[in-house]
1. Suppose every Lys and Arg Cβ carries +1 and every Asp and Glu Cβ carries -1, with no other charges. What dipole size does segment 113-220 come out with about its Cα centre, to the nearest 20 debye?
2. Cα-based Rg of the chain per 2.2 N^0.38 Å, rounded to two decimals?
3. Taking the Cα centre of the chain as the origin, how large is its charge dipole in debye, to the nearest 20, when only Lys and Arg (+1) and Asp and Glu (-1) carry charge on their Cβ atoms?
4. Can you work out the FRET efficiency for the pair Ile220 and Val177, with r the C-beta to C-beta distance and R0 = 30 Å, to the nearest 0.05?
5. Provide Rg over Rh for segment 54-139; use the alpha carbon set for both Rg and the Kirkwood Rh (inverse mean inverse pair distance).
6. Relative to the present Cα-Cα distance, how much length would full extension add between Glu18 and Asn55 at 0.36 nm per residue of separation?
7. So for Tyr174, Tyr141, fewest C-beta neighbours within 10 Å to most, what's the order?
8. Calculate, in nm to one decimal, what Glu153 and Ala69 gain on full extension: separation in residues at 0.36 nm each, minus their alpha carbon distance.
Amino acid sequence: MIRSWFGGGRKDPPLPQERGPLRCAISGVLEIDTLGLQAALASGDPAMGAPPGGNFIVSAIGTAQLDGASELTRYYDDDHRMIQVMAAPGGGEDTIIDVSLYAPWDSVVPGGASEWSRWTGPRGLIGAPTYDADGVLFTRYWGEGSDHADLVEFVETVDDGESRRQIHQRCMLYSRVVGEAEEMLLLNIERDIEYEARAQGAAIAFMVGYGLGAADIRRI
């Protein structure tokens, strides 16, 4: 007791840092409302079914500076789902430009240099005007015209509360209309910069996502 009077008592640990436009910390909880999205998808055939709503427990947070006017923040959970938010650098919810929810759909591990070239080369599958995912046709969302488009590249800093990694991202976004909504297909290649020599074991991740409104996600 006397010790605590003079500031020598046990101090409470600092609260986790709230990050990004949604002001959510690692281990924090976001509540997702997908009822409107489910209604918009009802008359279509979503690739993975309509995404469920409910609680999203944040296990890692990634950030990337895209340009002087926008910053990308990604909130991840243990199921590898991702809430992606684009907003003004350092801005709050009132600066949000775009919010989307993604879930992993599939992955491919190319077997060597020639296979990687078939996927990511100058005329590769990723970056073509359309992408056929086992009979489900998507149209390229990034890059106008019928020519092949370069992949979008950026470095994302991902923090899981215990370690921080620099991830080089190469990706391309495709989309299609499903019911009254737009379904997005993100083709993503990640390379841990610290372990770049292990890139041969990298995979191409396929993630299916949908746009949400800022009001559809709240911190609880």
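Rule-based calculations on the coordinates, nothing more; no lab input. This is a predicted model, so every value here is computed, not measured. Here Cβ is always computed from backbone atoms with ideal geometry, including for glycine, and neighbour counts include all displayed protein chains.
1. The dipole of segment 113-220 has a size of about 60 debye.
2. Taking the Cα Rg and dividing by 2.2 N^0.38 Å, one obtains 1.16.
3. 720
4. 0.40
5. 1.06
6. Difference between extended and current length: 11.6 nm.
7. Result, fewest neighbours first: Tyr141, Tyr174.
8. 28.6 nm
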